[in-house]
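Have a look at the structure below before the remarks.
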Amino acid sequence: MEMESFNDCPQNPTYTISDLTPGAVYSLTVAAQSGGRPSAASTPVMEQTEPVPPTNVTFDLVNVTSLVVMWGSAAGVHDGYNLTCTSCEGVQARPLSLSDNHTRHQYDGLIRGEMYNFTIITVSGPKYSQPTEIIQFIDPAPVETITELSVYSRNVSLAWQPPEGVYSHFIVKVTSDSGESMMVKSNSLNVTLVDLTPGTLYNFTVYTVSGNKESVGTGYGPVPTLEEPPGPVSNLTLVATSSTTLQVSWQPPEEPNGVLTSYTLRVRNSADMEWNNNCWSTYGHLYSTTGFNQPSYCHSNSRKHSFSRTRHNKWDDANRHSYYISPSKHNGRNNFYKCPTRDNSWTCQHTKYLSHGYVVEVFAATAPGVGDKESSTESTLQDRPCDAPTDLVVSNTSSTSPDPNTKSVNITWTPPTQPNGDVMYTVYITDSNNITTTINTTTATAHYVVDDLDSFSSYTVAVSAYTVVGYGPESEEVMFVTEEGVPSTSITGLQANLSATAAVLKWTPPSDPNGIIQVYEVHYNDTVDGNYTIVNTTGPEPSIVLEGLEEYWEYMVWIYTYTRMGRGSVYSTPYTLQTEEAVPGPPPISSTIATSRSIAVQWGPPSKYQQNGILQGYYLSYNTTTSGPNILSFSSSVESYTIPDLTPYMNYTLCLWAWNSAGNGSRSCVTDETQQDVPSAPQNLAINEVHPRSITLKWDSPAETNGIILGYTIMYTMEGASDSQEIETTETTGQISDLTAHTGYNIQVAARTVIGQGAKSEPLEATTSIAIPGKPQNVRGTAVNQSAIYVEWEEPQPYPGPTTYAVLVYDAVDDTQRGTFQQFLTTLQAGGMTSLTVLGLKAYNSYYFVIMAMTDAGNTSSDPSAQVTTYPGAPVVDQNVKPQDGSDSTTTTLTVTFTSSMFSEENGPVATYTVFVAEDTENLMDNPSSGHENDTDVLTWYDVRNRDPVPPYQVTEKQQYPFSRGSRSKRQASQSREFVIGEETDCELNREDFCNGPLKPGTTYR
């Protein structure tokens, strides 16, 4: 038993026990200790530690389908192990429980290439350790039966049968006999291998891959790729060894693409497009054919030769080939070749040098055909030319000299057919004086431009070619004439025959024309303003007619001469001439200023080109279309005039002309119009129609319109008025409207133009007629008293003439069926007055009034006035209706009852009432006071309290009448009201106001 103690005393004590045995079961008790004495132990607690996994888990392959899983014994206490294969199938997929002494287990019948996952766990009682996993791939099986699908020069396709078991892809290893090596991945059961070398042996190995495992390789081969034509030869070199020989050498192609069978060598002039012939050789042995030991000709259609050789696997510098080429001349081509000797050199002889050289082409061949061609260009060494240039041609060309009589020619030729080197040329120029100039060219071009030759002159030319070795023969001479120049001297002996507008000129041609004269160029300008003109003759004749000259004008003339090459640089001595006088041209009328009665004219002399001589004076004429011309004469110094006494607004034609010693000149004419003026008065103003409110007029146009009549103004003034009114019109008739009837007017008419209004016509007096009056306006009435109404109105407008009025009176009748309507009562005459008081009307009655206006032309009634009511009158008492005694009388009071039928409302509604009482005796007045406030005879109770008998007195102030007109219309006539007389007891104190004081006991009142 192991015991551990600790001295700490926390609230929640815990303790960790370390270094226990994995998988072991422990009994745990706890005891407290105080003062060195332990307490009793706690109840034991059983706990087991976790087991640990086994160690050194590995595997070992027994064969291609079996493996053994191995492990080391786990530390601590354990009962055994659980082993599981999660990717196995069948029985082997079941978990295995192995005893403690097992440390390995073998699995058989596994699938090749498959991945397996093994898990092992340590078991200790109910406890299990963490699992340990191990993953292993079984070696995949190799492929079988590899076959060729296709074989080409640069690719091979292979296929194979699928291997046993599981696989992910395949790896194909490629090797060749030349040392090539590469690896290619394939995800299918076939592969195409590309970018191979033609004519090469290849071996192939296929590996099956599964996970990180590779099978044993399955080999196939060797497989030869097909041959292709080879690549170009290497290091092709040309060396010129003489003027007739080129040495040619090269090395085999870097890409032979198979077994080389032959080489082909071709030669051509670099300026030609066709090859001349072929030469050939073999590897390790050289052949020759008949005729190659001495010069012979090879034609352009010679056949191509080929040969074969034994197969070699390697090329080196020892296999470099060298040949000598010596073509000979035939129809301008070099076609002959000498076959190579055993020292690998070829020689071809010729007699022609080409500066642009020869093109040599070499190419190898395999069984499929010839390879790429390699070429180079080289020239042989030079010699002197064998023949002369030919076909000399001389043509004129532009000269760089500023002198037009210095010429240049372009000489071209055909080069020698056998130049034998880089040639240049010498040109020999001989003039008409037999002086020869030698010119060496600086280029090999077959042309040359010779400058500084005389124009229009004869020369001969010859050309020879030369190389660095020497000169060849000279060409045949060619004669030529240089291009024309321009004249170097001027014409002489200029003469002129003159008229007013033309000059005939003649002269002698120049002495040195330097060509054929084509035309003369005549220059002339006037000395007045310097106008400059150039004209040409129509041909080489030395004369010309200058036309269209200004009359009486001075000119300066000089002449140039032209050949085909242009104008000579020298002109003739200037010659001065003057044309004859002619009649002048039209003088310009600079301006005309017209008024209504005159036209001011200003002019100037004809232009200097049209004066045509010395002016003597002017003539001015003017006329209308209906009148003859008036002609005025002026000296040459006068240049303005105002023509007076003209008619306004009239077209005039004005003409002006100048004259000189040659006669009257051309006219300048203008048309102008005098301005408008105010017109004269209209004629024959008369009345056409007269109406109460308007007058229609007519008249004739003015005798002198003096312009365009824009319209007329009618002016009229009412009698007694100072201001006139105006009306505008464009006709010769007009109407004055909105006039006052039966009124006199003064009328005039005036016409107007754009200038203004003209004279007025003679006055015309006219009076409008009387009109039917309009309705009288604003008819209104005002009640004066109980029986009279004051009626007034306004005159009808406009004024119709003398007017009288009648007042039509209508009663406003109320009817329950018809409502209120007007009932005619009477007509009252008012004369010329605009008001009238209507008398004899009923009190508190409504009336309407209509006013009739009357003239000699007719009458018109106004609209009815508003309803007007007379003042109310005193209420009318029904004598048959009396107050009745009431039932509540006392010794000092008396109750009476009165009804609504006691008073009639025919004079107006009853507004207030009061009560009068008197002692019933025969000596008293029967008619009591009316009770009006202004009635000074009214007595009060205080006034009669001590009188005997009691006279009539007013009992109370006026009170509101209790029976309204509306209530009476709805109720019966028996409506009544009680009143108590004598009910007030304090009347002794009230001496000024009415008081309903007590009555006398036992007294009769009425």
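The values are calculated or read from the model by the stated rules, or taken from the named source; none is laboratory data. Everything numeric in this text was worked out from a predicted model, so none of it was measured. When we count neighbours, we look across all protein chains shown, and the Cβ atoms used for this are built from the backbone with ideal geometry, even at glycine. Quick note on the areas: whole protein, heavy atoms, side chains included, nothing else; ligands and nucleic acids left out. Shrake-Rupley method; radii C 1.70, N 1.55, O 1.52, S 1.80 Å.
Computed values, structure above
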read-out	value
Identity of the residue in the range 551-590, in contact (Cβ under 8 Å) with a residue 60 or more places away in the chain and of a type in the set (D, E, K, R), that ends up farthest from S661 (Cα to Cα)	R564
Residues that are free of Cβ contacts under 8 Å to residues at least 12 places away in the same chain and either within 27 Å of T595 (Cβ to Cβ) or outside any loop (DSSP other than H, G, I, E, B) (or both), drawn from the range 710-760	Q725
Residue within the range 59-69 that is crowded, with 17+ Cβ neighbours inside 10 Å and more than 23 Å from V209 (Cβ to Cβ) present	yes
Single unsatisfied condition, E673 versus (1) within 60 Å of the chain's Cα centre (by Cα); (2) of a type in the set (D, E); (3) closer than 30 Å to M715 by Cα	(3)
Count - residues of the range 108-118 that are surrounded by 15 or more Cβ atoms within 10 Å (Cβ to Cβ) and either over 11 Å from V166 (Cβ atoms) or not hydrophobic (A, V, I, L, M, F, W, C) (or both)	5
Residue within the range 528-544 that is over 16 Å from W507 (Cβ atoms), crowded, with 19+ Cβ neighbours inside 10 Å, touching a residue at least 60 places away in the same chain (Cβ under 8 Å) and of a type outside the set (A, V, I, L, M) present	no
T414, sole failed condition from (1) modelled with pLDDT of 85 or more; (2) farther than 30 Å from P230 by Cα; (3) crowded, with 19+ Cβ neighbours inside 10 Å; (4) in contact with a Pro (Cβ under 7 Å, 6 or more places away or on another chain)	(3)
Hits in the range 17-48 (condition: free of Cβ contacts under 8 Å to residues at least 40 places away in the same chain, surrounded by 12 or more Cβ atoms within 10 Å (Cβ to Cβ) and not in a strand (DSSP E or B))	L20, T29, V30, A32
Subset tally (residues that are in contact with a strand residue (DSSP E or B) (Cβ under 9 Å, 6 or more places away or on another chain) and part of a loop (DSSP other than H, G, I, E, B)) for the range 49-64	6
Any hit, the range 590-603, residues being among the β-branched types (V, I, T) and in a loop (DSSP other than H, G, I, E, B)	yes
Flag if S178 is outside any strand (DSSP E or B) and without any contact (Cβ under 8 Å) to a residue 24 or more places away in the chain	yes
Selection status of D343, part of a loop (DSSP other than H, G, I, E, B), at pLDDT 90 or above and surrounded by fewer than 21 Cβ atoms within 10 Å (Cβ to Cβ)	no
Candidate set from the range 151-194 (those that are under 30 Å from P368 (Cα atoms) and acidic (D, E)); member that is least open to solvent (accessible area, probe 1.4 Å)	E180
Close pairs from the range 116-134: first closer than 13 Å to A93 by Cα, partner charged (D, E, K, R), Cβ under 6 Å, at least 6 apart	T119/E133
Top-ranked residue of the range 862-879 - restricted to ones that are surrounded by 14 or more Cβ atoms within 10 Å (Cβ to Cβ), in contact (Cβ under 8 Å) with a residue 60 or more places away in the chain and touching a strand residue (DSSP E or B) at 6+ places or on another chain (Cβ under 8 Å), ranked as farthest from F821 (Cα to Cα)	Y871
Number of positions in the range 465-495 that are surrounded by fewer than 16 Cβ atoms within 10 Å (Cβ to Cβ), within 30 Å of L549 (Cα to Cα) and not hydroxyl-bearing (S, T, Y)	2
Test result for T897, surrounded by 13 or more Cβ atoms within 10 Å (Cβ to Cβ) and either part of a loop (DSSP other than H, G, I, E, B) or in contact with a helix residue (DSSP H, G or I) (Cβ under 6 Å, 6 or more places away or on another chain) (or both)	no
Boolean, S97 is over 30 Å from G221 (Cα atoms) and open to solvent by 40 Å² or more (accessible area, probe 1.4 Å)	yes
Count of the range 651-664 residues which are of a type outside the set (S, T, N, Q) and open to solvent by 70 Å² or more (accessible area, probe 1.4 Å)	1
Answer residue from the range 552-572, given it is over 14 Å from A496 (Cα atoms) and open to solvent by 40 Å² or more (accessible area, probe 1.4 Å) and is modelled with the lowest pLDDT among those	S569
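A quick yes/no check of all residues on (1) open to solvent by 50 Å² or more (accessible area, probe 1.4 Å); (2) touching a Phe, Trp or Tyr at 6+ places or on another chain (Cβ under 9 Å); (3) outside any strand (DSSP E or B):
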residue	(1), (2), (3)
A75	yes, no, yes
Y81	no, yes, no
Q106	yes, no, no
I120	no, yes, no
I135	yes, yes, no
P142	no, yes, yes
I146	no, yes, no
L149	yes, no, no
